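One structure is given below, encoded as structure tokens.
The values are calculated or read from the model by the stated rules, or taken from the named source; none is laboratory data. Note that the structure is a prediction, hence the values are computed from the model and not measured. Cβ sites come from the backbone with ideal geometry, for glycine too, and all protein chains shown count toward neighbours. The area values use the complete protein model at the heavy-atom level, side chains included, leaving out ligands, DNA and RNA. Shrake-Rupley method; radii C 1.70, N 1.55, O 1.52, S 1.80 Å.
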Amino acid sequence: MTQHTDVVVVGGGQAGLAAGYHLRRQGLDVVILDAEAAPGGSWQHMWDSLHLFSPAEHSSLPGWLMPAQPGETYPDAGHVVDYLTDYEKRYDLPVLYGTRVDAVRRDGGRLLVEADTGTWRARAVISATGTWSRPFLPAVPDREVFTGRQLHTVNYRSPADFTGQHVLVVGGGNSGAQIAADLVLDGRVDVTWVTQRPPRYLPDDIDGRALFEVATARRRALDAGRSDTGGVASLGDIVAVPPVRQARDAGLLQATPMFIRLERDGVVWADGTRAEADAVVWCTGFRPALSHLAPLGLRGTRGHIPTAGTRAVDEPRLHLLGYGDWTGPASATLIGVGRPARDAAREIADVLASR
């Protein structure tokens, strides 16, 4: 049986909840479909030591400030899961968990959303599936011959899983630096941190609050036709959160250039140097999870769908939210997703009213 609604939101993480909040305020009928079994989005799968870059009050979704976590300046991932769970209940958001969306198709004047639990016919769709379900692994030669353990950021949990082992952590961004720091500070793991280029740390006093302001200023400059400020990337690649600063200042966080290939029990560098390894943690980023939108034929360069704000240029009934700056400044963050979610909800409401 096909169900009918004004808007289907695909994804019930932070972006989906922010969209639901603003759509409800516009008086629209909405359903939020999420493949996870429980609330919390990708935050419920983060590694044990992960903390936010910003204090709780600067890490909030629209309408309700995140409560502080007792004893913590920067809340941990578990606290974020609790906040998202309570946020959903607070605003009575209609999230259907355990519902994987397989396809979004055009169906006359509507969009047909096909899921493994049913089908919805909607006047508009917001895709808010993020990137966590699409980890990226680089095409490093002979990766398949390595007999040790290989895992991505999404699979890492704690140093206890690697006690007494030699682990290579690959990646010069935040996750690479934080996981390398987590391992070296534990003291029971032999760690080699591998990066494509020398690490670029942001100034130690910068946290998520400043990053949001920088990202917003860049978007405003671009929208006004001014030159690109470079945004957050102009400042560096790594936020120096306390564990990263501790490991770096103690001389424990030394980066090694990227190796050229793997072999059965280790890796090889360009100068012929070899190193044995028991495991490789690939902190090599993600790609947007957009396979459910493939029937619409909208993909452009770099796997992105061209957008005007959050609206898909070639399908105005579709909005994309929370994938990064291309769908709103800092929209992949808790504090940053609120504004583009509001704008998307207003635009959808205006269009539907005009029809």
Filter segment 267-284 down to the residues that are touching a residue at least 60 places away in the same chain (Cβ under 8 Å), out of contact with any helix residue (DSSP H, G or I) (no Cβ under 8 Å at 6 or more places or on another chain) and surrounded by fewer than 19 Cβ atoms within 10 Å (Cβ to Cβ) and list them by number.
Ala275, Glu276
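Could you check, for segment 167-185, whether at least one of its residues is touching a residue at least 12 places away in the same chain (Cβ under 8 Å), under 23 Å from Leu298 (Cβ atoms) and within 23 Å of the chain's Cα centre (by Cα)?
Checked against the condition, which is being touching a residue at least 12 places away in the same chain (Cβ under 8 Å), under 23 Å from Leu298 (Cβ atoms) and within 23 Å of the chain's Cα centre (by Cα), segment 167-185 yields no hits at all.
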Scan segment 116-126 and give yes if some residue there is touching a Phe, Trp or Tyr at 6+ places or on another chain (Cβ under 8 Å), buried (at least 19 other Cβ atoms within 10 Å of the Cβ) and in contact (Cβ under 8 Å) with a residue 60 or more places away in the chain, otherwise no.
no
Given the options Trp64, Trp47, name the one that is modelled with pLDDT of 95 or more and closer than 17 Å to Ile179 by Cβ.
Trp47
By residue number, the members of segment 97-115 that are over 21 Å from the mean Cα position of the chain (by Cα) and open to solvent by 40 Å² or more (accessible area, probe 1.4 Å) are Arg105, Arg106, Asp107, Gly108, Gly109, Arg110, Glu114
Pairs returned, first residue in segment 291-307 that is assigned to a helix (DSSP H, G or I), second residue that is of a type in the set (Val, Ile, Thr) and surrounded by 13 or more Cβ atoms within 10 Å (Cβ to Cβ), beta-carbon separation under 6 angstrom, 6 or more apart or interchain, are His292/Val101; His292/Val104; Leu293/Val104
Quick one: would you say Val31 is open to solvent by less than 40 Å² (accessible area, probe 1.4 Å), of a type in the set (Val, Ile, Thr) and more than 16 Å from Gly336 (Cα to Cα)?
yes
When only residues in segment 330-355 that are among the hydroxyl-bearing types (Ser, Thr, Tyr) and in contact (Cβ under 8 Å) with a residue 24 or more places away in the chain count, which is surrounded by the most Cβ atoms within 10 Å (Cβ to Cβ)?
Ser331
Identify, please: which residue in segment 280-332 is in contact with a Gly (Cβ under 7 Å, 6 or more places away or on another chain) and of a type in the set (S, T, N, Q) and is, among those, modelled with the lowest pLDDT?
Ser331
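For (1) modelled with pLDDT of 80 or more; (2) within 23 Å of the chain's Cα centre (by Cα); (3) open to solvent by 40 Å² or more (accessible area, probe 1.4 Å); (4) within 21 Å of Cys283 (Cα to Cα), each residue gets a yes or a no:
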site: Val194; (1), (2), (3), (4): yes, yes, no, yes
site: Tyr201; (1), (2), (3), (4): yes, yes, yes, yes
site: Thr216; (1), (2), (3), (4): no, yes, no, no
site: Arg219; (1), (2), (3), (4): no, yes, yes, no
site: Asp237; (1), (2), (3), (4): yes, yes, yes, yes
site: Ala247; (1), (2), (3), (4): yes, no, no, yes
site: Leu252; (1), (2), (3), (4): yes, no, yes, yes
site: Pro257; (1), (2), (3), (4): yes, no, yes, yes
site: Ile260; (1), (2), (3), (4): yes, no, yes, yes
Name the single residue, out of those in segment 54-77 being open to solvent by less than 60 Å² (accessible area, probe 1.4 Å) and among the hydrophobic types (A, V, I, L, M, F, W, C), that is nearest to the chain's Cα centre (by Cα).
Ala77
Here are the criteria: (1) assigned to a helix (DSSP H, G or I); (2) open to solvent by less than 10 Å² (accessible area, probe 1.4 Å). Tell me which single one His319 does not satisfy.
(1)
